[in-house]
Each structure stands twice: as C-alpha cells, then as structure tokens.
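We did not get these values from a lab; they are worked out from the coordinates using the rules stated. All figures in this text were calculated on a predicted structure; none of them were measured in a lab. Cβ atoms come from the backbone with ideal geometry, glycine included; neighbour counts cover every protein chain shown.
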Amino acid sequence: MMSAMESWKGSDEEDWSVGAASRRRWFVLHVKPRTEKKAAAYLAGYGCFHHLPIYVKVTKVQRRKVRREMPLFPGYVFARLSADERLKMLRTNLLVRTILIPNPRQTIHELRQIAHASRADPLFYPVKQVFKEGELVRVRTGPFRGTEGYVKRTDARTTLCLNVEILGAAVEVNISPADVERL
C-alpha cells in the first residue's frame, strides 16, 4: 500500500523547491467526484509532478474487513504544471477547475506535515488540561516532531489539527499533550 509520502511524484529534488526557475506553477486541481486517482494517473502519464494525499479506510463487508485507499481531501489533487500540461488536463474532462496556489511554500510545508504524520502510527493517551482548545502548538518529540497545528479536545484525548489552508481542510491526529509546546 502507498503512504501519503510515497504518493509524491517527481523526477528529482528540484521539484520540491518552489523558487526553481521554471515555467511550471503550483495548482490545486478540483476534480469531478471520485476521479482523484484517475486524475493522478493522467498526471503521472504526462510526467507531471503531483501529490494525492491518501489514507486507508477499513470497512466490514460480509464479515470481512476490506481496506481501501481513499483520498484525504476528496475532490482535490495538487500538481505543478506548465500552461501546456494544464491545458492537457483540462481536456481530460476530469477537472472542474484549477486553483492557482498563491503561496506554494506554505502549502508544500502543510502537505509535508500531513505526509509525515500519516507515516507514523498515532497512539491515544489520557489528557490533562494543559492546552486550551484552538491554541497553536508545535510537537517537540516523537514521530510528529516539528509539526505545527491547533489543539482540539475530544473527551479524554487531545487532537492536533493539521491544516491545509488553501483548501480550508484539516486532518486530525491524536497526540499526547506531553509531546507538544506552545508557539
């Protein structure tokens, strides 16, 4: 199975840099419902750098557990495209629209945080009242070290929300309050 980090597709380290001199720009591709993987396959076929964050959903079907890879942000694929590649993707009839990312550094940083968090296996811990809900924190130790997010409380757990600002979406990770610090 492919993790979120393995789904980053690119030829070399230059694709990670935002300031590289090229005519390609970062876009959020808003795709038609349930066509995220197909759009990612087209992008891979065109040799375009793209990212489709996924997670594994386990459901029960007739007494069997079925594992399915689902898009983390349904309806969206991130890609770095030239004008010609964008036009090719628009001609596939899979896209609803393309959204130019105004601050690619921030978006890449947010997506890297989510990919990093998805590789780790979050554990549930009892919580003491240490942080207020909505407070901005950074993880100090553990597999999420360096990750920033907002605290969200649910019953006896602390949940860290990792945001992707351009989509207005977030991913939640359960974490021990002993592993985080205020910013």
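Counting charges near Lys57 (Lys, Arg +1; Asp, Glu -1) among other residues having Cβ under 13 Å from its Cβ returns a value of +3. Each of Lys152, Lys60 has some number of other Cβ atoms within 10 Å of its Cβ, and from fewest to most they run Lys60, Lys152. Highest-first packing order for the peptide set 39-45, 66-72 is 39-45, 66-72, based on the mean count of other beta carbon atoms within 10 Å. Spacing of the modelled spin labels on Glu133 and Ala83, each 7 Å from Cα toward Cβ, amounts to 4.9 nm. Its Cα gyration tensor gives the stretch 13-119 an equivalent ellipsoid, and the semi-axes of that ellipsoid, as √(5λ) in whole Å with the largest first, are 27, 18, 11.
Can you list residues whose amide H is under 5 Å from Leu72's amide H, if they're 5+ apart or on another chain and H is modeled 1.01 Å from N? Under 5 Å from the amide H of Leu72: Ile54, Tyr55.
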